[in-house]
1. Under 12 Å from the Cβ of Arg113, count the other residues' Cβ atoms, weight Lys and Arg +1, Asp and Glu -1, and hand me the total.
2. Of all DSSP beta bridges located in the range 1-159, what percent are antiparallel, nearest 5?
3. Give me the lysines in straight-line cross-link reach of Lys260: C-alpha distance below 18 Å, same-chain residues under 8 apart excluded.
4. Could you order Arg24, Arg96, Arg59 by accessible surface area, starting with the largest, using a probe radius of 1.4 Å?
5. If you add up the charges near Ala273, with Lys and Arg at +1 and Asp and Glu at -1, over every other residue whose beta carbon is less than 13 angstrom from its beta carbon, what do you get?
6. Quote the relative contact order of the range 33-130 in percent (integer), defining contacts as alpha-carbon pairs under 8 Å separated by 6+ residues.
7. With Cβ to Cβ distances under 14 Å as the rule, what net charge do the other residues near Ala62 carry (K, R +1; D, E -1)?
8. Round to the nearest 10 and report in Å² the accessible area of Thr367, as given by a 1.4 Å probe over the protein chains' heavy atoms.
Amino acid sequence: MFADRAKIFIRSGKGGDGHVSFRRELFVPNGGPDGGDGGKGGDVIFEVDEGLTNLSEYRHRAKFTAEPGEQGGKKRCHGANGKNLILKVPAGTIIREAESGKVIADMSGDNKRQVILKGGRGGQGNMHYATATMQVPKYAQPGQAAQELWVNLELKVIADVGLVGFPNVGKSTLLSRVSNAKPKIANYHFTTLNPMQGVVDLGDGSSFIMADIPGLIEGASEGVGLGHEFLRHVERTKILLHVVDAASTEGRDPIDDIYKINEELKNYNEELASRPQIIAANKTDVIYAEDEDPVEKIRAEFEPQGIRVFPISAVSGKGVKELLSYIWEVLKELPQEPVVFEQEYFPEEYNSNDNLSYTVEQLDEHTFVVEGPKIEKMLGYTNLDSEKGFLFFQNFLKNTGILKDLENAGIQDGDTVRMYGLQFDYYKE
């Protein structure tokens with residue numbers, strides 16, 4: 001069954017714990033610490049699979065977890081890294097943080113693979129903590145916690161031309177005639193349930209993608225009928241092709257239909273109504289008007305607004321070639337880059353530490369130690385080697401009150417602060 005939306009839970013792998021052990025070898029007196037580091041947890045990665053057309057694989061499974069890193073071992077043995085979890089999605093899938101609806105990634109254009117959640121770093125074994133004053137450290141760093149997130153997957157069809165119109169006006173018939181798509185076609189009084197798309201080959205090496213967006217109805221932007229479910233697919237199209245029943249075979253007024261569709265598009269997303277539009281006045285093979293030509297009425301209404309009208313018959317093919325040629329000329333004038341949504345939510349800054357604890361202790365006259373699950377979790381998703389990560393680290397210390405607690409404990413400029421495997425000098429701003 002076609003599916004263009006899914007809600008899933010994803011979790012990266014926890015980092016493996018560092019190991020505590022000491023050398024116990026014959027003829028090696030006073031063996032030092034040799035506990036190895038834990039392995040890194042697996043990342044959660046989304047990857048485009050060109051063979052997929054929808055999100056049906058996520059309909060019956062909602063939770064996905066990457067492998068955790070293994071614990072470090074004796075004799076400085078490093079724990080194995082957890083395997084990454086790779087989730088395949090069709091091109092055009094948008095990944096949103098479920099609660100806020102903000103975009104994490106748009107799997108479109110050049111973005112074929114993106115790490116969404118990073119696995120926790122492995123904890124350091126006790127071999128890293130030997131000092132002149134502490135030669136037998138019985139402490140190893142725990143692996144950093146995994147990241148987890150509920151995300152909404154949302155597929156927006158990527159097409160150059162989107163066919164819009166009321167049900168039973170001939171969109172599916174037109175798509176089947178001009179492309180390789182094979183939608184089900186019949187004289188239904190209801191709409192196609194799934195968006196369909198196909199490649200239109202113009203025969204000279206030129207081609208473009210055309211999509212049949214399921215029929216819209218009045219009130220679709222407010223959730224009436226099925227139209228609201230599929231309006232999102234129009235957002236990526238460069239040209240909107242209105243298909244109308246020029247013969248009014250079901251008693252509908254084609255001019256009124258176009259205005260109603262444009263109103264629904266505007267209500268859903270005002271920018272959509274400003275996209276280039278073309279009108280395909282379909283079913284001209286069954287026009288029997290004795291007085292005024294209905295196609296001329298449509299032209300008189302919309303061509304002064306800059307919208308070209310092409311009389312066609314999707315059944316016989318009359319006028320279709322001229323329509324496709326004009327569409328291609330318009331497409332060549334438009335930007336070639338696909339519509340890609342900007343990232344709004346950054347999981348690496350994901351922070352659920354608010355209720356976790358930490359301690360600030362003075363080790364000696366000029367050394368302070370900050371520890372606790374709040375610190376461990378922050379270090380697990382912060383890359384201090386990057387400028388952005390280090391700035392986030394500084395803001396974390398300030399916003400959580402850790403710097404204030406250090407000052408209350410009597411820290412002075414030049415004193416040393418230790419956080420697990422990190423060490424830095426304190427200087428007041």
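1. So the surrounding residues net to -2.
2. Rounded to the nearest five, the antiparallel share is 70 percent.
3. List returned: Lys171, Lys297.
4. Solvent-accessible surface, decreasing: Arg24, Arg59, Arg96.
5. -2
6. In percent, rounded to a whole number, it is 44.
7. Once positives and negatives cancel, what remains is +4.
8. Probe radius 1.4 Å; accessible area of Thr367 about 20 Å².
The values are calculated or read from the model by the stated rules, or taken from the named source; none is laboratory data. All of these numbers come straight from a predicted model, not from anything done at the bench. Cβ: placed from backbone, ideal geometry, glycine included. Neighbour counts: every protein chain shown. Heads up: the accessible areas ignore ligands, DNA and RNA and are worked out on the full protein's heavy atoms, side chains in. Shrake-Rupley method; radii C 1.70, N 1.55, O 1.52, S 1.80 Å.
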